[in-house]
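Participant: Once you've had a glance at the structure underneath, I'll fire off some questions.
The values are calculated or read from the model by the stated rules, or taken from the named source; none is laboratory data. All of these numbers come straight from a predicted model, not from anything done at the bench. Reconstructed Cβ throughout: ideal geometry from the backbone, glycine too, with neighbour counts over all protein chains shown.
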Amino acid sequence: MPTAPSTILANTHLLKELKLIRAIPSNSQLYCESVSSCAFCPHCGEESRSIYDHRTVRYKDIPLGPERPPTTLILRKKRFFCRPCGKVFSETVSGFLPRQRSSERFKSLIRWACERFSNLSQVSKDYKVCNSSRFHALNFGSLMP
Ligand SMILES: [Zn+2]
């Protein structure tokens, strides 16, 4: 039985924790959500399975192929309610740091390109990132654990 294109795309491109909901390859957009059904509260450390609501967050991610623009990953993130402390928190998905708008592997790609390209402005142009994003990928990415 042939494998569906969306399954191939999900298996080859998505991080393990993510499930593909919808793909629009012509626009390099992938809609996805995490597969986890629970998370640990960052305030008290208790496990929560009580989903409070969802938020949609857009991330830049590595291109789907050569000569392609960066992928826009539209991630439907769960927010959980913690009964012991009464707080609401967002799930964390590995590969995506809080308050960042690029995946870690996309930042690694930018670092790799900056190290090899002689013209850093061309890196910004080819990967459609501003100078600030390039700066963050180069300087702060290497300080992350
Ligand atoms: Zn809590």
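Participant: Quick one: which of 37, 90, 48 is exposed (fewer than 14 other Cβ atoms within 10 Å of the Cβ), of a type in the set (Ser, Thr, Tyr) and at negative phi?
Facilitator: 37
Participant: Also, quick follow-up: Assess whether residue 37 counts as being assigned to a loop (DSSP other than H, G, I, E, B) and among the hydroxyl-bearing types (Ser, Thr, Tyr).
Facilitator: On the way: assigned to a loop (DSSP other than H, G, I, E, B): yes; among the hydroxyl-bearing types (Ser, Thr, Tyr): yes.
Yes, satisfied.
Participant: Looking only at segment 68-89, how many residues end up being in contact (Cβ under 8 Å) with a residue 40 or more places away in the chain and over 13 Å from the mean Cα position of the chain (by Cα)? Walk me through it before giving the result.
Facilitator: Let us first name the residues in segment 68-89 that are in contact (Cβ under 8 Å) with a residue 40 or more places away in the chain, namely 68-78, 80, 82, 84-85, 87, 89.
This time we only want the ones that are over 13 Å from the mean Cα position of the chain (by Cα), so: 68-69, 78, 80, 82, 84-85, 87, 89.
Counting residues in segment 68-89 that are in contact (Cβ under 8 Å) with a residue 40 or more places away in the chain and over 13 Å from the mean Cα position of the chain (by Cα) gives 9.
Participant: Turning to a different aspect of this structure: Given the options 79, 83, name the one that is within 16 Å of the ligand (Cβ to nearest atom), assigned by TED's automatic domain parsing to the domain that holds residue 4 and over 30 Å from residue 130 (Cβ atoms).
Facilitator: On the way: 79 fails: over 30 Å from residue 130 (Cβ atoms).
Result: 83 is the single residue among 79, 83 that is within 16 Å of the ligand (Cβ to nearest atom), assigned by TED's automatic domain parsing to the domain that holds residue 4 and over 30 Å from residue 130 (Cβ atoms).
Participant: Turning to a different aspect of this structure: Would you be able to say whether some residue in segment 47-56 is at pLDDT 95 or above and within 28 Å of residue 125 (Cα to Cα)?
Facilitator: Checked segment 47-56: at least one residue is at pLDDT 95 or above and within 28 Å of residue 125 (Cα to Cα).
Participant: Would you check if there is a residue in segment 28-38 being free of Cβ contacts under 8 Å to residues at least 60 places away in the same chain, within 16 Å of the ligand (Cβ to nearest atom), assigned by TED's automatic domain parsing to the domain that holds residue 82 and more than 15 Å from the chain's Cα centre (by Cα)?
Facilitator: The initial filter retains those residues of segment 28-38 that are free of Cβ contacts under 8 Å to residues at least 60 places away in the same chain, namely 28-38.
From what is left, the residues that are within 16 Å of the ligand (Cβ to nearest atom) are 38.
Pick out the ones that are also assigned by TED's automatic domain parsing to the domain that holds residue 82 and you get 38.
Filter once more, keeping what is more than 15 Å from the chain's Cα centre (by Cα): 38.
Within segment 28-38, one or more residues are free of Cβ contacts under 8 Å to residues at least 60 places away in the same chain, within 16 Å of the ligand (Cβ to nearest atom), assigned by TED's automatic domain parsing to the domain that holds residue 82 and more than 15 Å from the chain's Cα centre (by Cα).
Participant: Right, next: Which condition number in (1) modelled with pLDDT under 80; (2) more than 17 Å from the chain's Cα centre (by Cα) is the one that residue 144 fails?
Facilitator: Among (1) modelled with pLDDT under 80; (2) more than 17 Å from the chain's Cα centre (by Cα), the lone unmet condition for residue 144 is (2).
Participant: Sticking with this structure for a sec: Looking at 91, 104, 67, 115, can you tell me which residue is within 16 Å of the ligand (Cβ to nearest atom) and of a type outside the set (Phe, Trp, Tyr)?
Facilitator: Working: 104 fails: within 16 Å of the ligand (Cβ to nearest atom); 67 fails: within 16 Å of the ligand (Cβ to nearest atom); 115 fails: within 16 Å of the ligand (Cβ to nearest atom).
Testing whether each residue is within 16 Å of the ligand (Cβ to nearest atom) and of a type outside the set (Phe, Trp, Tyr) leaves just 91.
Participant: Something else: Collect the residues in segment 119-140 that are outside any helix (DSSP H, G or I) and of a type outside the set (A, V, I, L, M, F, W, C), keeping them in residue-number order.
Facilitator: We begin by selecting, within segment 119-140, every residue outside any helix (DSSP H, G or I); these are 119, 127-130, 140.
If the condition is that a residue be outside any helix (DSSP H, G or I) and of a type outside the set (A, V, I, L, M, F, W, C), then 119, 127, 128 are the ones that fit.
Participant: All but one of (1) crowded, with 18+ Cβ neighbours inside 10 Å; (2) not assigned by TED's automatic domain parsing to the domain that holds residue 126 hold for residue 106; which doesn't?
Facilitator: (2)
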